[in-house]
Amino acid sequence: MSVRNYLSALLLSLALTLCLLPLQGDLDLSNAALLYVLAVVIVGCRYGRGPAIFSALLSALLYAHIFVPPLFSLAITEAQYLLAALVMLVVALLVGHLTASLKAQTEQVLARERQTRALYDLARSLTASLSPAEVESVSQRFLANTLRAINIRILRDEEILLPAAPLTKALLQSAMVGRHLLSSTGSHPAYSLMLVPLMASANTPCVLVCEIPVALAGQPMTRALLETAASVITVALERTYAVEVARETELRRSTESLRNTILAALSHDLRTPLTVMVGLADALTLGKASVERERSMLSALRAQALAINQLVTNLLDMARLRSGSIELNEEWQPIDEVIGATLQLVRAQWRDREISVDIAANLPPLRFDAVLVERVLWNLLENAIKYSPTDTQVELIVRQIGIWVDVMICDWGPGLPTVGSEELFGMFKRGQAESCIPGVGLGLAIARGFAEAHGGQILAENRLGGGACFRLRLPIGSPPNLDDLEGGLP
Amino acid sequence: MSLSQSILLIEDDQQIREFVASTLEAEGYSLIKAASAAQGAVEAGASKPDLLILDLGLPDRDGIDFIRDYRAWSATPILILSARSREASKVAALDAGADDYLTKPFGVSELLARVRALLRRRLLTQEQASPLISFGDYQIDCVRRVVTCKAELMHLTQIEYRLLIVLASNPGRVLTHRQLLLQVWGGRALENHQYLRVYVGHLRQKIEANPAQPQHILTEIGVGYRFQP
């Protein structure tokens, strides 16, 4: 780069000389000197101090050789010619130096302005970042853009204890103890390793580590930039840590309250059937009841046990939903199959309840997890059966409506409370707070959770003429085209 | 007949072990009890039972591993007992070679029905297999490759016929989606459960009186299908 600058300076001086050569006799000496000085200014502007000085010396030589009599000789006979040549040299040197300084200063100002803008952008992006990971990625972008840095990382906690090469524990320690920027050899000879301690908060020491080109690493401006950036990043990190801590506290609090509600529900809804079971078992042990009475007590015992099983299933489903660890085992399948299978289970439990089924023809296949949709349908059907008179019919209707397939489960019961039907979907919420109908009020919350996991919805409405209607709404995706499966088979 | 039939029960929970054992003994089966997989393996080798009832959640060994090892040398039917909401492990156990499953809690009638079905099937397979399979009003002639309903010829496609044969020759047994895909389509379509669902739908349309509430091809949600003759 610099050699080329000197070469350009040389070429410019030679070109000027060649241009002036035909005018050798006619051109006034002072004019020729001015033209040379102009050339030096140009070189100073374009190529900086070194080439300018080089150009000044060269111009003085050429001037003395070609224009100062005797022509084509460096021997200067008269004192005034010598003075002219010397003045020309001094002027050229001075002008060249000044021009080059000016240029360097301008460049520095521009560079500083660029950095200020970059820092401003950094600060703005950091304000918008919400997590430490985001802060890290914003910082990475900034350092890569401004300092051409590579391998940029923000190390914290355990990463500081187990540093990867070229980092060492000692380096990190001294950076953190010294609380100032530290540089060392990078993984590549052209790069220096920079360590900037970020004292985000007393108990979470962090270190910003990056590798930047050696040429940049030496400059004081780079250090200043890194230090300023580090302080901006520190503030952002501190803020995001605070947000994280707040979020964790909130989560812990809501988990705590969930646990309390579950415990309260369990103590009520589990104790009731358990009390009945203990009583029945004791009564049976006494053996004083008639055979017929014993039989009915045994079937009550069984019913209570199944109720507890249902409760446990719901609690487990809820725990799965709340922990956010639902893995959908989704497959394209017709909805009628899972409806048929669910109805079989429901009919086995409520033998004498009439359930009418009306499924539209030519429904598209849907993508869902059959086990979860079975749980949704079971919960909705169980509700419909429990909350409506035993002599009324429960209706199950399936229709395609726009981009949805709706499974509607309707009853002829008292219907939903007109206000706050949305409340029903909360956990441990029931239409009536205390009622003789067993259950904890988890069914709808689970149904909604599972439906939403599929990108679907559960809607509740009252039907005309009384009764409630719950609607499981599943999206129709774009099912894959099936090849002609018969073709190509032996 | 049932006097001579022995059942090996491997279950670590004592209460369940006693309840299942007393139920089955009352029905005239002879019971061998084991509380761990290791003990179960020894008993299985020593007494060669007619049926194995295995709890999937044993403390000393993964039940699926146990099934694989056992299947290496024995074709004795296996009935697994598993907890709810563990479809994946049920499917894995069935794929490994188990024949049927019961989800806890289960009732006596369910248990007895499964045990009877598995033992009956064992007898059937020990007898000379017949090329004629009958269920309901239907008869399948595996030699002539035709299906008749009340002596009337039915039109089934190649795939439908194959699917029906696989299902009908395993009456009462749960076949997983994977097993069916493998047996009907070969290895090509293992991931494509939709094929299976489409063809089960077609087959139900043809052989079920009410395809929405099937009597023969029953859905085991999240697991597979069971054929009920």
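Observations, loosely collected:
- Complete set of residues in segment B:212-229 that are more than 8 Å from chain A (Cβ to nearest Cβ) and crowded, with 16+ Cβ neighbours inside 10 Å: B:H216, B:I217, B:V223, B:G224, B:Y225, B:R226, B:F227
- B:R120 assigned by TED's automatic domain parsing to the domain that holds B:L51 and surrounded by fewer than 17 Cβ atoms within 10 Å (Cβ to Cβ): yes
- Strands (runs of 3 or more DSSP E) within segment B:9-105 that include 3 or more residues over 25 Å from B:Y225 (Cβ atoms): B:30-34
- A:S192 being surrounded by 18 or more Cβ atoms within 10 Å (Cβ to Cβ), of a type outside the set (A, V, I, L, M) and under 16 Å from A:A230 (Cα atoms): no
- Taking segment B:144-158 as the range and being farther than 15 Å from B:R204 by Cα and either in contact (Cβ under 8 Å) with a residue 24 or more places away in the chain or not in a strand (DSSP E or B) (or both) as the test, the residues that pass are B:R144, B:R145, B:K150, B:A151, B:Q158.
- So A:A319, is it within 14 Å of another protein chain (Cβ to nearest Cβ) and within 56 Å of the chain's Cα centre (by Cα): yes
- For segment A:1-29, a residue qualifies if it is exposed (fewer than 12 other Cβ atoms within 10 Å of the Cβ) and either within 18 Å of A:L94 (Cβ to Cβ) or of a type in the set (A, V, I, L, M) (or both), and the qualifying residues are A:M1, A:V3, A:L11, A:A15, A:L18, A:L21.
- Failed condition for B:V143, given (1) within 28 Å of B:L52 (Cβ to Cβ); (2) surrounded by fewer than 16 Cβ atoms within 10 Å (Cβ to Cβ); (3) among the β-branched types (V, I, T): (1)
- The condition (being touching a Pro at 6+ places or on another chain (Cβ under 8 Å), outside the structural domain of A:A215 (by TED's automatic domain parsing), of a type in the set (S, T, Y) and within 24 Å of A:A215 (Cα to Cα)) is satisfied by just one residue among A:Y6, A:Y47, A:Y81: A:Y6.
- Restricting segment B:178-209 to residues that are modelled with pLDDT under 85, surrounded by fewer than 16 Cβ atoms within 10 Å (Cβ to Cβ) and outside any helix (DSSP H, G or I) leaves a set whose member that is nearest to the other protein chains (Cβ to nearest Cβ) is B:E191.
- Looking only at segment A:326-355, and only at residues there that are closer than 28 Å to A:N481 by Cα and assigned to a helix (DSSP H, G or I), the one that is farthest from the other protein chains (Cβ to nearest Cβ): A:I335
The values are calculated or read from the model by the stated rules, or taken from the named source; none is laboratory data. This is a predicted model, so every value here is computed, not measured. For neighbour counting, all protein chains shown are included, and Cβ atoms are generated from backbone atoms with ideal geometry for every residue, glycine included.
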